[in-house]
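Data first, discussion second: the structure below is written as structure tokens.
The values are calculated or read from the model by the stated rules, or taken from the named source; none is laboratory data. Please read these numbers as outputs of a predicted model, since none were measured by experiment. Note that each Cβ is placed from the backbone with ideal geometry, even for glycine, and that neighbours are counted across all protein chains shown.
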Amino acid sequence: MTVKETIPIEGLLEGYEAALSQTGYSITTKLLLVRRAELMVRRHQNAGLTYFEQAIINCYTGEIDDKYFKGNMQKKHYERTRREIDRFVSYICTGRIDALSSTLRGVRQKLTPHFEKIAEEFIAGDFHPNTRCDIRWVTYKYFAWLEEQGFSDLAGVGTVHIQKFLLACSEKYAPGTIHDIRLYLKKLYAFLYETGRAENDFSALFSFSVNREKKVFPVLPKSDIAKLLETIDRSKVKGKRDYAVMMLGTVLGLRACDIVSLKLTDIDWLRGEIRIVQSKTSNPVMLPLTQDVGEALEDYILNARPNTVDQEIFLRINAPHTKLAAAVTVGEIYRDCCIAAGLPASTRFHNLRRALGTSMVMNGVSVYDVAQVFGDKNVNSTKPYLAADMEHLKMCALSFAGIAPEGGGSQ
């Protein structure tokens, strides 16, 4: 897609961000998309251009292609980057919000006013911004399906119809998506029952479980973690910031999203505590400010952090010295540390949280206590750390003594 008219660079980012908000993108995704668009706008500015130029984009995508085909970029990252570029250029070419592909797993279905009113009232509930996107998709998809079946309202909709919808979805989507559809339909019918729009909440119908594939990621060895920390040059501004970030992940197991949003007021230096509300779970968590973490934060805040009105602790190194754009920036810090330590490049900052959780389990801390420390709502979020505890798993292995080999032979 190419631009056929002269379009000023000024105001593009603001318009793009507004379009993303109206389309229903989550806060995190919107930040990532705007950040990618900002890179493209900056290239124009560095070239002294005040109008959008397709040649600049072609040069940028050429660099991305070259990096990928030389093996310096993973396929998943490459494909996501190209989609982000295409999405921004599509917006510039058309100037329309509907030109943007939706994050809601497909274009939002058009509903009749009756169902749309119910859907929007339900979606406006107390949901996390990221969750609301998926809830919107499920709700609109379900109501659109009911309309296809000839329903103009919820009268006459019962167990059979819900089962048919779930069956139709199971033929298209992966088990993980079916799990989400079941969960959000359960929330929807609880809402419909509470507001008098349904005579049953069908809670028993939605009580079935969905077996989802769960990957067991390898645990980062302690020796590798030590290398990551040792190779950081703490004499430089970037090193002081990055070391503090890495210590929060290594010692306290903080998620990248919580590190990005960590504020100066979240630290109680007198009591030696860090108090936050987790971005992912909305759970309040209080963690000890250990000496090593406290010293790393102190060194960065007093000796390297730019003087700014922003309350977020971690800021950009280069001007403008604003807060880090998104959690992906913390992943990039982790990747840089991996490269400096001679380890495989990775942006999985969550490796540090996983390593800490596994270490706690291996040292006899119960999975329930780990869940409480990590602020996990459900212990199932913490159980994967058990799968990496090889020493205790060996104790669960069954002996083959007394089991004759097939064929009756002995070996």
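Evaluation of Ile162 against the conditions (1) under 29 Å from Asn211 (Cβ atoms); (2) surrounded by fewer than 16 Cβ atoms within 10 Å (Cβ to Cβ); (3) over 28 Å from the mean Cα position of the chain (by Cα); (4) not charged (D, E, K, R) shows that the sole unmet condition is (2). Total residues in segment 115-145 satisfying the condition of being within 15 Å of Phe191 (Cβ to Cβ), among the hydrophobic types (A, V, I, L, M, F, W, C) and either within 23 Å of the chain's Cα centre (by Cα) or surrounded by fewer than 19 Cβ atoms within 10 Å (Cβ to Cβ) (or both): the figure is 5. Here is a list: Asp258, Asp299, Asp224, Asp242. Which entry is in contact (Cβ under 8 Å) with a residue 12 or more places away in the chain, under 30 Å from Gly125 (Cα atoms), surrounded by 14 or more Cβ atoms within 10 Å (Cβ to Cβ) and acidic (Asp, Glu)? On inspection, the qualifying residue turns out to be Asp258. Look at Ile118 and say whether it is closer than 30 Å to Gly150 by Cβ and modelled with pLDDT of 75 or more. Yes.
Would you list the helices (runs of 4 or more DSSP H) that sit entirely within segment 6-92 and hold 3 or more residues that are in contact (Cβ under 8 Å) with a residue 40 or more places away in the chain, surrounded by 12 or more Cβ atoms within 10 Å (Cβ to Cβ) and of a type outside the set (Lys, Arg)?
Once the helices (runs of 4 or more DSSP H) in segment 6-92 are filtered for at least 3 residues that are in contact (Cβ under 8 Å) with a residue 40 or more places away in the chain, surrounded by 12 or more Cβ atoms within 10 Å (Cβ to Cβ) and of a type outside the set (Lys, Arg), what remains is 12-23, 27-46.
Residues in segment 27-36 include at least one that is within 28 Å of the chain's Cα centre (by Cα) and modelled with pLDDT under 75.
Could you figure out which of (1) within 24 Å of the chain's Cα centre (by Cα); (2) surrounded by 12 or more Cβ atoms within 10 Å (Cβ to Cβ); (3) in contact (Cβ under 8 Å) with a residue 40 or more places away in the chain isn't true of Pro218? The failed condition is (2). Of all the criteria given as (1) modelled with pLDDT of 95 or more; (2) farther than 29 Å from Leu302 by Cα; (3) not β-branched (Val, Ile, Thr), the one not satisfied by Ser282 is (1). Return yes or no: is Leu343 in a loop (DSSP other than H, G, I, E, B) and not assigned by TED's automatic domain parsing to the domain that holds Leu31? Yes, satisfied.
Those helices (runs of 4 or more DSSP H) of segment 171-269 in which at least 3 residues are among the β-branched types (Val, Ile, Thr) and closer than 16 Å to Glu295 by Cα, considering only elements entirely within it, cover 237-251.
For segment 274-291, enumerate the residues that are in a strand (DSSP E or B) and out of contact with any Leu (no Cβ under 6 Å at 6 or more places or on another chain).
Arg275, Ile276, Val277, Pro284, Val285, Met286, Pro288
In segment 294-310, the qualifying residues are those that are in contact with a strand residue (DSSP E or B) (Cβ under 8 Å, 6 or more places away or on another chain) and at pLDDT 95 or above, and the one that is nearest to Val237 (Cα to Cα) is Arg305. Taken together, the residues in segment 346-385 that are touching a Ser or Thr at 6+ places or on another chain (Cβ under 7 Å), under 27 Å from Asn211 (Cβ atoms) and assigned to a helix (DSSP H, G or I) amount to 6. Report yes if some residue within segment 149-158 is in a helix (DSSP H, G or I) and either surrounded by fewer than 18 Cβ atoms within 10 Å (Cβ to Cβ) or over 24 Å from the mean Cα position of the chain (by Cα) (or both); otherwise report no. No, the conditions are met nowhere in segment 149-158.
Applying the criterion of being among the charged types (D, E, K, R) and in contact with a Phe, Trp or Tyr (Cβ under 7 Å, 6 or more places away or on another chain) to the residues of segment 217-246, the residue that is farthest from Leu315 (Cα to Cα) is Arg234.
Entry remark, segment 304-326: residues being farther than 14 Å from Asp242 by Cβ and touching a residue at least 12 places away in the same chain (Cβ under 8 Å) number 10 in total. The residues listed here are Ile232, Ile267; of these, the one that is farther than 27 Å from Asp376 by Cβ, out of contact with any Pro (no Cβ under 7 Å at 6 or more places or on another chain) and among the aliphatic types (A, V, I, L, M) is Ile232. Pairs meeting the criteria (first residue in segment 227-238 and over 13 Å from Ala296 (Cα atoms), second residue polar (S, T, N, Q), beta carbons under 9 Å, at least 6 apart or on different chains) are Leu228/Thr250.
Across segment 353-370, not a single residue is classified as under 20 Å from the mean Cα position of the chain (by Cα) and at pLDDT below 85.
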